[in-house]
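Colleague: Once you've had a glance at the structure underneath, I'll fire off some questions.
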Amino acid sequence: ISNNWSAFDMIFPAGDFDGDGDPDVLARNASNKNLHLYKGNGSGGFVSGTGAAFSNNWSAFDRIFSPGDFDGDGDSDILARNASSKDLHLYKGNGSGGFTSGTGAAISNNWSAFDLIFSVGDFDGDGDGDVLARNASTKDLWLYRGNGSGGFSSGAGAISNNWSAFDRIF
């Protein structure tokens, strides 16, 4: 469906990030660290002419992913972990391929214990997007339950042990 994605160091699904009803893909350029939006066409490909950068300089982040609608407003959002502080930041999608103003605040501090962080959407079935993370030392998989308003519910904990056999989980 598309050739030569070697310019990107991160590629991930973003749900319907532009609000047209079709799933989209986001990619971070490896050299300038800008985010690019590849709009899905609803039939297994991308909208012609898509792939333009829509947000600049994401170099501060070592993990970027989308949990879908994390804040409960109906639009897909982005979570990113700051490489130095290890804080998790929420970038609220605006439903048309960008972010709402004033977005990017830290929603959770010090995720340094985790070597892999990702989301599979609503993992626990409560209607809110969740985050999974693998502990770097124990390799246990942890569930952080989203609260539907841009944060986490109490009760995060290990849900499965020893995921050391896997170098990528998504």
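Colleague: Give the number of residues within the range 1-44 that are open to solvent by 60 Å² or more (accessible area, probe 1.4 Å) and outside any loop (DSSP other than H, G, I, E, B).
Modeller: Count: 3.
Colleague: Looking at the range 122-148 only, could you name the residues that are under 21 Å from Asn82 (Cα atoms) and touching a residue at least 40 places away in the same chain (Cβ under 8 Å)?
Modeller: Of everything in the range 122-148, those that are under 21 Å from Asn82 (Cα atoms) and touching a residue at least 40 places away in the same chain (Cβ under 8 Å) turn out to be Gly129, Asp130, Val131, Gly146.
Listed here are the residues, each with its yes/no results for (1) under 14 Å from Pro13 (Cα atoms); (2) touching a helix residue (DSSP H, G or I) at 6+ places or on another chain (Cβ under 8 Å); (3) open to solvent by 40 Å² or more (accessible area, probe 1.4 Å).
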| position | (1), (2), (3) |
| --- | --- |
| Ser48 | no, no, yes |
| Gly51 | yes, no, no |
| Ile64 | yes, no, no |
| Asp71 | no, no, no |
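Colleague: Further question on the same structure: Return the total of residues in the range 101-121 being without any contact (Cβ under 8 Å) to a residue 24 or more places away in the chain, polar (S, T, N, Q) and either assigned to a strand (DSSP E or B) or under 15 Å from Ala80 (Cβ atoms) (or both).
Modeller: 1
Colleague: Would you check if Ala27 is at pLDDT 95 or above, among the small types (Gly, Ala, Ser) and under 13 Å from the mean Cα position of the chain (by Cα)?
Modeller: Yes.
The values are calculated or read from the model by the stated rules, or taken from the named source; none is laboratory data. All values reported here derive from a predicted model rather than from experimental measurement. Positions of Cβ are generated from backbone atoms using ideal geometry, with glycine treated the same way; all protein chains shown enter the neighbour counts. For the accessible areas, the whole protein counts, side chains as well, though only heavy atoms, and no ligand, DNA or RNA atoms are used. Shrake-Rupley method; radii C 1.70, N 1.55, O 1.52, S 1.80 Å.
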